[in-house]
Structures are given as C-alpha cells and as structure tokens.
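Just so it is clear, none of the values below were taken in a lab; they were calculated from the coordinates. Note that this is a predicted model, so its numbers are computed, not measured. Neighbour counts are summed over all protein chains in view; Cβ atoms, including those assigned to glycine, are modelled from backbone coordinates with ideal geometry.
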Amino acid sequence: MMFAVAGLLALVTGLVHSILGEVMIFRPLRNGSLISTTSSAPLAKRTIGILWATWHLVTVFGWAFAGILLQLAFAPQAASTTGLVVTAIVFANVGGGLLVLVGTKGRHPGWIALLAVAAFAWFGVNAA
C-alpha cells in the first residue's frame, strides 16, 4: 500500500509540476513555438531558485538510476531488486526535496511532495 501511495503521489507531483511550469514559467517565454528560441526578459527572482533546483534535481535522479545500474552490474546478489530500487527512489526524492527546499527557501511546495514520496516509499519497504 505504501508503494502505491508513493507511486501515485510521484505521478501527481510530476503532472502538477509540468502543468504549472508550462503555465507559470514557459508560456511567457514562448514565441509561438513549443520551445522558445529567442531571448526573453530576465526571469523573476522566485523563478531562478526553482530553475536552479530543477537543474540539479535531474542530476540527483540520474544518480539514483546510476546507483541501480551499478548495483545490478557489480553486485546483483547483494540486494533484492525491490530494496535496491526503493533505496534509489528514497535517496533521489530526499535529495530533490532538499534541493527544492533550499533553492526556493521553502516557498515552492514541491519539496513537500518529494519528501512525502520518499517517506511513503521508505515506510513501504520497511513495513513489517
């Protein structure tokens, strides 16, 4: 059940993040195309923090995938597949949540959702 909550919460967080990012950040930057190819006025100060956090969030999530791949490559018997994947998910979401918290000084609610995903996943794998 905890995995289901964590998975659904991650899906909803991604959906809300994409929709709000399109509406609040990227729509004003467009010049009629999907991706703007022209320069725009400087971004709002509040936007810079979340862009910074998101930039590094990709790295943290990439590291989580790398951890899974390295474990599978070098010591596939060392951990169960479930434990390995959930550990990567927990660390990626904790790292991402902390980045968003720091990058936006807590003003962007994404950190709450990312840490909630981590908590539900952790409780799911550690439930007795």
Once both axes come from the Cα atoms, what is the angle between helix 2-21 and the longest principal axis of the chain, in degrees from 0 to 90, rounded to 10? 10 degrees
If I stretch the segment between TRP63 and ASN126 completely, what's the gain in nm (0.36 nm per residue apart, minus their alpha carbon distance), one decimal? 20.4 nm
At q = 0.09, 0.11, 0.15 Å⁻¹, what is the base-10 log of I(q)/I(0) for the chain according to the Debye formula with one equal point scatterer per Cα and no solvent? Please give it to two decimals. -0.32, -0.47, -0.77
Among 11-17, 91-97, 81-87, how do they line up by average Cβ neighbours within 10 Å per residue, starting with the highest? 91-97, 81-87, 11-17
Label GLU22 and MET1 with points 7 Å out from Cα along Cα→Cβ: what is the distance between them in nm? 3.5 nm
Calculated [θ] (222 nm, deg cm²/dmol) that DSSP helices of n ≥ 4 give over the chain, each run adding -39,500 (n - 2.57): -24500 deg cm²/dmol
Ranked output for segments 21-29, 102-110 by mean other Cβ atoms within 10 Å, highest leading, reads 102-110, 21-29
